[in-house]
1. Do the conditions hold for B:L27, that is, is it touching a strand residue (DSSP E or B) at 6+ places or on another chain (Cβ under 7 Å) and hydrophobic (A, V, I, L, M, F, W, C)?
2. Does any residue of segment A:317-326 turn out to be over 14 Å from A:S137 (Cβ atoms), in contact with a strand residue (DSSP E or B) (Cβ under 9 Å, 6 or more places away or on another chain) and free of Cβ contacts under 8 Å to residues at least 60 places away in the same chain?
3. Six or more apart or on different chains, Cβ under 8 Å: which pairs go from a residue in segment B:266-295 that's surrounded by fewer than 20 Cβ atoms within 10 Å (Cβ to Cβ) to one that's hydroxyl-bearing (S, T, Y) and at pLDDT below 90? Could you list them?
4. Is at least one residue of segment B:54-68 crowded, with 18+ Cβ neighbours inside 10 Å, within 16 Å of DNA strand C (Cβ to nearest atom), of a type in the set (A, V, I, L, M) and under 23 Å from A:K57 (Cα atoms)?
5. Among all residue pairs at least 6 apart or on different chains, which show Cβ distances below 8 Å where the first residue, located in segment B:46-58, is more than 7 Å from chain A (Cβ to nearest Cβ) and the second is acidic (D, E)?
6. Conditions first: (1) modelled with pLDDT under 85; (2) within 8 Å of DNA strand C (Cβ to nearest atom). A:V2 passes all but one, so which condition is the exception?
7. Have a look at A:L159, A:L145 and point out the one that is within 24 Å of A:Q309 (Cα to Cα), outside any strand (DSSP E or B) and away from every other protein chain (no Cβ under 14 Å).
There are 2 protein chains.
Amino acid sequence: MVTIKDIAKAAGVSYSTVSKALRDSPLVKPPTKKKIVNIANELGYQPNVAARSLVSKKSDTVGVVWPTVERAAHAALITKINDQLENHGYTTLLSINKVEAAINTFNRLQVDAILMFNDQGQDGPDTPLPSNVPILSYGIAKNPLYPTVDVNRRDAIKLAVHTLVDIGHKNIAFIGDMSQRDQLQDEKVSGFTEGMKERFQEATADVLIPASGLELYDGYLAMKKFLQAGKTTTAVVSGSYDLTRGVIRALNEYNLSIPKDVSIISYDNIPQTNTFEVPISLVGVPNDVITSTITDALLNMINKKQVPQSIVLEPEIKLNESCLALE
Amino acid sequence: MVTIKDIAKAAGVSYSTVSKALRDSPLVKPPTKKKIVNIANELGYQPNVAARSLVSKKSDTVGVVWPTVERAAHAALITKINDQLENHGYTTLLSINKVEAAINTFNRLQVDAILMFNDQGQDGPDTPLPSNVPILSYGIAKNPLYPTVDVNRRDAIKLAVHTLVDIGHKNIAFIGDMSQRDQLQDEKVSGFTEGMKERFQEATADVLIPASGLELYDGYLAMKKFLQAGKTTTAVVSGSYDLTRGVIRALNEYNLSIPKDVSIISYDNIPQTNTFEVPISLVGVPNDVITSTITDALLNMINKKQVPQSIVLEPEIKLNESCLALE
DNA sequence: TTGTAGGCGTTATCAG
DNA sequence: CTGATAACGCCTACAA
């Protein structure tokens, strides 16, 4: 391993000068600095994080607690957060251990902050885990122990409903996972029923299309079943990206056109690459908003600035030709 | 932050004694040891990795390079490897950065070994990245720069074909992703054609069912198209778990029973929880084999033992009632 | 502008 | 068995 001492020797200066030069301190004459940097590169110098963080008490690293790799749910988020933090000079490290173990690890590693992905719908730890490092949580836990960022799913669906009603739709269906296994999915359902109730005085029976999961095939199957039963609707609000893809397939099979026969709005954190075959209107908090909120919060925590105990992000709607106004 | 010095003060011993006690050294009298350990717990002592690895040159940590969180492909593997390493006292850290950056990070962090998930089918870096830390690669790259563990997909499919032929099947179909986007999928296809060729002297036209992806719906669609065209087969070899699920749905729709009408063998690293609706015969290298091979290799590298430059794992077949012998 | 010295928390090597 | 003491690689006053 090559150390600053090696560089110092090679450059014929003292190693503290090397240290300064490498940190780009103004206390070193440009030519000396340049020479040192060159030598460092030639030698393939890698600063030793251990040594550095021992003295400086920080590691320029943030740890991400991610107990469920299996569910690729947050993959897009974490990728982006990783990039953003990198732009600020921080390195992101993930742990797929249990929350307690992961937080423990990150504490020992002296990361500068911890981002905890709250296993959506599950409840987190109920006693505040001992941590010297500030922790931010994405996704609300039953009992919020840490500053938390979350998106408002209920309002998102509600927004979709209101939008459709306001352009003349009356017969609106919601397709989603209604197994009640997942609290977050339940919120979407109630967003729908509440949204309808708010617009229609008289009680209308809610048209719910229950899917047995969140996969493409689930959406396909549920929608097909709905159509097979001879039911109709002028507009569908869909609970997730993949379900929507399934819905589209089913509609295609029945030669129903979007939006002529049915309008459609899909819940999602608006994805960077819109891979829908046809453009689809989307509701939700855009990924950019989520990620930069999280990144900002993390940086603030690192710099010991105040961070709100709870940040709830409000949805936006991106309407396009997948919605037809009825007169 | 509480250090061994704090503990020393509280226990009325020197801090070097504390260090020994905490490392469970035999050089400390049991009662003293016990007392020290107790105090450490009370104070919530967390050893400082930075300090430790600074002197001991190791961090009891292995880094995993995982540039593509998006594709949850290896989620099951990594979870298991994480557990196994933990049992050996190692902590696993993931980086989702680009390979170069990730390796760099892990070097600075002084991890004890690096596991690189080779983004299947893509080619890795072509010049050996400078690393003081030993690197193990899972999945063969174009030009293998590091010791590599991989599974033999070609032989797996071949094994399935041979098995079916040997129990009397002649009309065997293969369903898989034939878009040729992914080298690994291509290997499966050639495993099929080669397997057939080896059993049937006279050239038989290969029955290939092309799916346009690897999702459940892709399998469903492809199989349905096949059946709709009036084609038949007595046995299907499927290229992946999800495709197989789709195939089953399609067969159900056509009231074809497994195995009475069609036998089926699915490629897969045998999953821990068999979530198939009906039991399905599987070929592939069991996950346990893969993960413990990797874990062993990593531990060997850490202990500076020799590790073969290339380990290719051979498939196994788990036959069950999804295959019917024809007479 | 550069060099010297002290210390960060731990481990390891000696003396006691 | 226990206690000093010297590293480990780096940073940061402070001195030259």
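1. Working: touching a strand residue (DSSP E or B) at 6+ places or on another chain (Cβ under 7 Å): no; hydrophobic (A, V, I, L, M, F, W, C): yes.
Answer is no for this residue.
2. Scanning segment A:317-326 turns up at least one residue that is over 14 Å from A:S137 (Cβ atoms), in contact with a strand residue (DSSP E or B) (Cβ under 9 Å, 6 or more places away or on another chain) and free of Cβ contacts under 8 Å to residues at least 60 places away in the same chain.
3. B:P271/B:Y241
4. Yes; the residues of segment B:54-68 include at least one that is crowded, with 18+ Cβ neighbours inside 10 Å, within 16 Å of DNA strand C (Cβ to nearest atom), of a type in the set (A, V, I, L, M) and under 23 Å from A:K57 (Cα atoms).
5. B:K58/B:D112
6. Here A:V2 meets the rest and fails (2).
7. Values: A:L159 fails: within 24 Å of A:Q309 (Cα to Cα).
The unique qualifying residue is A:L145.
Rundown of residues vs (1) at pLDDT 95 or above; (2) touching a Ser or Thr at 6+ places or on another chain (Cβ under 8 Å), yes/no style:
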position	(1), (2)
B:L54	no, no
B:K57	no, no
B:D60	no, yes
B:T68	no, no
B:A76	no, no
B:I81	yes, yes
B:I96	no, yes
B:A101	no, yes
B:N104	no, no
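The values are calculated or read from the model by the stated rules, or taken from the named source; none is laboratory data. Because the structure is predicted, anything quoted here is derived from the model rather than measured. Ideal geometry is used to build each Cβ from the backbone, glycine not excepted, and the neighbour counts take in all protein chains shown.
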